[in-house]
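The values are calculated or read from the model by the stated rules, or taken from the named source; none is laboratory data. Everything numeric here is computed off the predicted structure, so don't read it as measured data. Every residue, glycine among them, receives a Cβ derived from its backbone with ideal geometry; neighbour counts consider all protein chains shown. Protein only, heavy atoms only, side chains kept; ligands, DNA and RNA dropped before computing areas. Shrake-Rupley method; radii C 1.70, N 1.55, O 1.52, S 1.80 Å.
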Amino acid sequence: MLILSSIVFASLVHGQQLILTAKQKQDLYILIDQYAQAREKKDTALLKNILTEDVDQLVSSGEWRTGLSESVKGMLKSSESNLGSRKIIVEKIRLLNSENGIIDARYEIQNQDGTIRKMWSTFIVVHNRNKWKISAIRNMLPQH
């Protein structure tokens, strides 16, 4: 009996690959598009609508932003100092369970001089009250 219960428990605890539905995929792409638009247009209302209250962000300079207010303030300041159009290209979406996921994306800022700053972003997303929101952002500047 002990061996049987151990096998059953192990199979329940072991992480399982969740299948991303077409609706989830569409909603998550829209969420990342909204984030890019909000950053581009400096839209604080949209940012506050798509970020969780306890959001945190680690930016490529190494600065940590914690909480909604500090994160939005930092995002707006960053958008002001890094002028140019932003493009976020989703590369991979992985669900951890039905309410949490990880989105990896290429993050490109086309500077006014035509050069492109190429980074990576990872978004931790949560599903709460029938809506996906961004809970954490990690931006990385790859070494070349």
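Structure summary
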item: Tabulated pairs, region 55-68, first under 16 Å from residue 79 (Cβ atoms) and touching a residue at least 60 places away in the same chain (Cβ under 8 Å), second aromatic (Phe, Trp, Tyr) and open to solvent by 50 Å² or more (accessible area, probe 1.4 Å), C-beta under 8 angstrom, 6+ apart or interchain; result: 57/64
item: Residue selected from region 52-81 under the condition of a type in the set (Ser, Thr, Tyr), open to solvent by 50 Å² or more (accessible area, probe 1.4 Å) and under 21 Å from residue 116 (Cα atoms), by the criterion modelled with the lowest pLDDT; result: 81
item: Residue check, residue 111 closer than 30 Å to residue 22 by Cβ and either touching a strand residue (DSSP E or B) at 6+ places or on another chain (Cβ under 6 Å) or among the polar types (S, T, N, Q) (or both); result: no
item: In region 97-118, the residues that are over 16 Å from residue 131 (Cα atoms) and either surrounded by 15 or more Cβ atoms within 10 Å (Cβ to Cβ) or modelled with pLDDT of 95 or more (or both); result: 104, 105, 106, 107, 108, 109
item: Of the criteria (1) within 15 Å of residue 35 (Cβ to Cβ); (2) surrounded by 13 or more Cβ atoms within 10 Å (Cβ to Cβ); (3) out of contact with any Pro (no Cβ under 9 Å at 6 or more places or on another chain), which one residue 84 fails; result: (1)
item: Of the criteria (1) closer than 19 Å to residue 133 by Cα; (2) crowded, with 16+ Cβ neighbours inside 10 Å; (3) touching a Lys or Arg at 6+ places or on another chain (Cβ under 8 Å), which one residue 90 fails; result: (3)
